[in-house]
Amino acid sequence: MDVIRPMRNFHFYHVALVTPIANALYKCGGSNYTLAADRGVVREMILSVRECMRALRKKGLKARPASLALLICIPLWLIVPKVCKIMGTPHIETVAARHAQNAREEMGFLYRELMDFIGDSGEKLTYTRELAEYI
């Protein structure tokens, strides 16, 4: 079993992934199926994840697991349709949409904690802030 060290990096990168997903779900009324059908919002969500991950890198944190860094590199024309397909599954309804709805306060807290940490990174965070309007 691989142990991810340092855990702090893992936690920040996890939050950089889940808060844009939750905020995109909120923008789509909480429905992962609505999100999956809206390529524009999926694109915003991916761009938000990328902003957050670039900001974490600027703060000196390496991606953990390292494979998360691929989200920054994959071209949008390739990743958006794949993410749309993934978002439109019952699995995502269970692990993301329902959780986001039941943990809305927690997602807001995590978003604010992340922004407190990366707000001074120099990254613009445009998409991240726009999606946060739906918390």
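In the condition set (1) modelled with pLDDT of 95 or more; (2) surrounded by 19 or more Cβ atoms within 10 Å (Cβ to Cβ), LEU61 is compliant with all but (1). Contact map, the stretch 49-69: residues that are farther than 20 Å from LEU131 by Cβ paired with residues that are polar (S, T, N, Q) and modelled with pLDDT under 95, Cβ distance under 8 Å, separation 6+ or inter-chain. Pairs shown: LEU61/ASN9; LYS62/ASN9; ALA63/ASN9; ARG64/ASN9. Residues of the stretch 1-52 that are outside any helix (DSSP H, G or I) and either at pLDDT 95 or above or crowded, with 16+ Cβ neighbours inside 10 Å (or both): CYS28, GLY29, GLY30, SER31, ALA37, ASP38. One residue alone among GLU113, GLU123, GLU106 is over 22 Å from LYS58 (Cα atoms) and charged (D, E, K, R), and that residue is GLU106. For residues that are part of a helix (DSSP H, G or I) and among the charged types (D, E, K, R), tally how many sit in the stretch 59-68. Residues flagged as part of a helix (DSSP H, G or I) and among the charged types (D, E, K, R) within the stretch 59-68 amount to 0. In the set LEU114, LEU56, LEU110, LEU71, only one residue is of a type outside the set (Val, Ile, Thr), in a helix (DSSP H, G or I), modelled with pLDDT under 95 and under 13 Å from the mean Cα position of the chain (by Cα); that residue is LEU71. Screening SER121 against (1) farther than 20 Å from LEU35 by Cα; (2) small (Gly, Ala, Ser); (3) in a helix (DSSP H, G or I) leaves a single unmet condition, (3). Checking each residue of the stretch 8-25 against the condition of being free of Cβ contacts under 8 Å to residues at least 12 places away in the same chain and under 13 Å from the mean Cα position of the chain (by Cα) gives at least one match.
For LEU47, the stated conditions hold: it is at negative phi, touching a Phe, Trp or Tyr at 6+ places or on another chain (Cβ under 7 Å) and not charged (D, E, K, R). Just wondering, is there one or more residues in the stretch 86-102 that are part of a loop (DSSP other than H, G, I, E, B) and among the hydroxyl-bearing types (Ser, Thr, Tyr)? For the stretch 86-102, residues part of a loop (DSSP other than H, G, I, E, B) and among the hydroxyl-bearing types (Ser, Thr, Tyr): present. When each of VAL95, VAL49 is tested for being among the β-branched types (Val, Ile, Thr) and closer than 14 Å to PHE12 by Cα, the lone residue that passes is VAL49.
The lone criterion from (1) touching a residue at least 60 places away in the same chain (Cβ under 8 Å); (2) over 24 Å from ALA37 (Cα atoms) left unmet by MET115 is number (1). Could you tell me whether LEU131 is under 13 Å from the mean Cα position of the chain (by Cα) and farther than 22 Å from GLY40 by Cα? Against the criterion (under 13 Å from the mean Cα position of the chain (by Cα) and farther than 22 Å from GLY40 by Cα), LEU131 does not qualify.
The values are calculated or read from the model by the stated rules, or taken from the named source; none is laboratory data. Computed from a predicted structure; not experimentally measured. Don't worry about glycine lacking a Cβ; one is built from the backbone with ideal geometry, like all the others, and counts go over all protein chains shown.
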